[in-house]
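S.K.: Right, I'll just put the structure down here and ask away after.
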Amino acid sequence: MAHFTKATSVHDWLNQRLAVDTLRRVLATEYWIPKNINFLWAMGMILAVTFGMLLISGIFLLMYYKPDTKLAFDSVNYTIMSQVGYGWLWRHIHGVAASVVFLIIYIHMFTGIYYGSYKKGRELIWLSGMLLFVSFSAEAFSGYMLPWGQMSYWAGMVITNLFSMGSLNFNGLVEWIRGDYVPGDAFLTRFFMLHVLLMPLIIIGLIVFHFGTLRIPHVNNQDGEEIDFDAEAQKYLSGNTKESKIIRFQWDFLSKDIMVLGFFFIFFFYLVFYHFEFAMDPVNFDPADGLKTPTHIYPEWYFLWSYEILRPFSKNIGLIWFAFAQVIFFTLPFLDRSPNAVAANRRGVFKYWFWALLVVMIGLSVLGKLPPVGVWTKVGTVFAWSFIALWFSLPFVTKMEKPVGGK
Ligand code: HEM
């Protein structure tokens with residue numbers, strides 16, 4: 001057993017038992033961050049904080065929500081919104097955070113793609129990030145079922161129908177997932193369980209894993225420079241902080257993160273107080289009705305691009321390309337054949353590839369919201385094929401790229 005002495009303070013008492021000083025040094029004060037990064041590197045922290053807000057606001061909502069098809073709609077739209085003090089505020093915070101978290105996830109992902117931060121030992125950061133993306137999608141979808149409005153019901157119907165696998169007619173699988181022939185009580189309670197317990201647990205585990213994958217390769221930097229972190233740490237610790245290329249995570253980098261977080265909060269609470277409706281579909285303010293199909297069923301904005309890849313094709317082909325869109329981002333570190341982990345503007349054809357992907361995904365999202373009629377179906381088909389073609393071309397585009405030295 002270790003040797004314990006009489007503690008001189010609470011800190012000393014804890015330190016002898018938990019090595020809190022070592023922990024703080026490894027995780028914070030001697031966790032090194034490159035100097036040459038910009039505000040886009042604060043997105044990860046904003047995501048962690050937004051997830052925290054979702055958890056806290058969710059706990060308050062959970063105190064009054066009723067997972068029962070006869071009570072759910074009123075428990076949200078009547079009890080929480082008008083009977084409980086500040087219930088509306090927690091609901092708006094939860095709804096806006098659920099939407100904004102995807103905006104930040106997309107910025108975070110595209111920052112990673114732009115700077116090639118999924119390469120050279122950073123593959124696991126990317127893969128764990130993608131698992132987080134999928135988990136957040138499942139979390140958002142299951143949460144969307146809970147108010148039991150028209151869109152909850154019909155989006156639940158459409159998405160679970162996908163599991164029939166087109167002409168393979170796996171109807172048994174669809175019924176097994178729903179626990180019934182159509183979405184009903186069993187469906188609502190199992191999505192409730194997923195939303196408030198299983199998915200949050202998985203997300204917390206994945207966030208810890210994502211942070212763990214960052215520890216050894218460290219974050220990338222704007223110049224794609226391969227920094228010798230041990231040598232730079234020596235410089236920093238010997239007092240040569242100006243010449244060192246790195247800073248401490250706590251409080252050097254954290255103070256910058258907190259400033260960006262401040263700007264984010266202004267934007268976030270502006271939405272919560274003045275524009276919360278953008279995160280809430282008006283159709284979902286009608287109670288679920290299995291006999292009345294809404295004229296136009298569409299998902300939340302963050303799923304529109306993949307929904308639009310499903311729509312223009314026949315049932316079976318659409319399903320194949322939809323599945324392709326769900327998994328293809330996982331393969332990015334392996335499809336990109338170039339050794340250059342630098343900003344896209346310093347790379348060959350990849351810089352056009354990057355902007356083309358962004359434009360195509362925004363285009364698909366806009367089209368996904370429009371009814372699939374007339375010319376929009378044709379435009380949607382062109383965009384869907386462009387998305388697919390971009391991914392197929394990636395290995396060839398990057399294989400031809402000449403090596404670019406980091407600055
Ligand atoms: C949703 C929860 C997520 C949280 C809380 C989170 C958190 C973080 C944090 C704190 C960092 C370090 C600082 C920074 O670069 O921002 C980071 C880096 C990174 N994350 Fe995430 N992340 C999440 C999701 C994702 C997703 C969906 C992806 C993409 C698939 C991703 C890919 C990356 C990559 C590639 C890096 C390394 C950036 C670099 O080396 O410069 N993350 N993440």
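S.K.: Cross-chain or 8 or more residues apart, Cα under 17 Å: how many lysine pairs in region 304-407 fit that? Count them up, please. Walk me through the intermediate numbers first.
M.R.: Details: K315/K378; K351/K399; K351/K402; K369/K378.
Value for region 304-407: 4.
S.K.: Quick one: helix 375-399 against the long Cα principal axis of the chain, what's the angle to the nearest 10°, folded into 0 to 90?
M.R.: Rounded to the nearest ten degrees, it is 30.
S.K.: Where the convex hull is taken over the Cα atoms of the chain, what is its projected area averaged over directions, in nm²? The partial results should precede the final answer.
M.R.: Values: hull surface 101.8 nm².
Quarter of the Cα hull surface area: 25.5 nm².
S.K.: Now, a different point. Write down the Å³ per residue value for the convex hull defined by the alpha carbon atoms of region 304-407. Present the calculation step by step, with values, prior to reporting the outcome.
M.R.: Details: hull volume 9.7 nm³, N = 104.
Given the Cα convex hull of region 304-407, per-residue volume reads 93 Å³.
S.K.: Additional query: What list of ³J(HN,Hα) couplings, whole Hz, do you get for region 119-124 from phi and the Karplus terms 6.51, -1.76, 1.60, once you set θ to phi - 60° and write x for glycine and proline?
M.R.: The phi angles translate into 10, 6, x, 9, 4, 5 Hz.
S.K.: Another question about this same structure. Sorting check: for 47-60, 20-33, 139-152, which peptide has the highest mean count of neighbouring beta carbons within 10 Å, and how do the rest follow?
M.R.: Details: 47-60: 17.3, 20-33: 14.7, 139-152: 22.9.
Highest to lowest by the protection proxy: 139-152, 47-60, 20-33.
S.K.: Follow-up. What fraction, in whole percent, of alpha-carbon pairs in region 221-321 exceed 15 Å separation?
M.R.: Values: 4032 of 5050 pairs.
Here the long-distance tail beyond 15 Å is 80 percent of all Cα pairs in region 221-321.
S.K.: When the helix-only estimate is applied to the chain (DSSP H runs of n ≥ 4, each -39,500 (n - 2.57), divided by the residue count), what is the mean residue ellipticity at 222 nm, nearest 500 deg cm²/dmol? Mind dumping the intermediate values first?
M.R.: Values: 16 runs with 230 residues, N = 407.
One gets -18500 deg cm²/dmol as the mean residue ellipticity at 222 nm.
S.K.: Let me ask something else about it. Taking the 0 to 90 degree range and rounding to the nearest ten, how far is the long axis of helix 43-62 tilted relative to the main principal axis of the chain, both from C-alpha atoms?
M.R.: 50
S.K.: Counting pairs of alpha carbon atoms under 8 Å apart in space and at least six apart in sequence, what relative contact order in percent does the chain give? Intermediate values should be presented prior to the final figure.
M.R.: Details: 456 pairs, mean separation 93.4, N = 407.
Dividing the mean separation by the residue count of the chain yields 23 percent.
S.K.: Helix 199-215 against the longest principal axis of the chain: what's the angle in degrees, Cα atoms only, rounded to the nearest 10?
M.R.: 30
We did not get these values from a lab; they are worked out from the coordinates using the rules stated. Remember, predicted model here, so these are calculated numbers, not experimental data. No Cβ is skipped: glycine too gets one built from the backbone with ideal geometry, and neighbour counts run over all protein chains shown.
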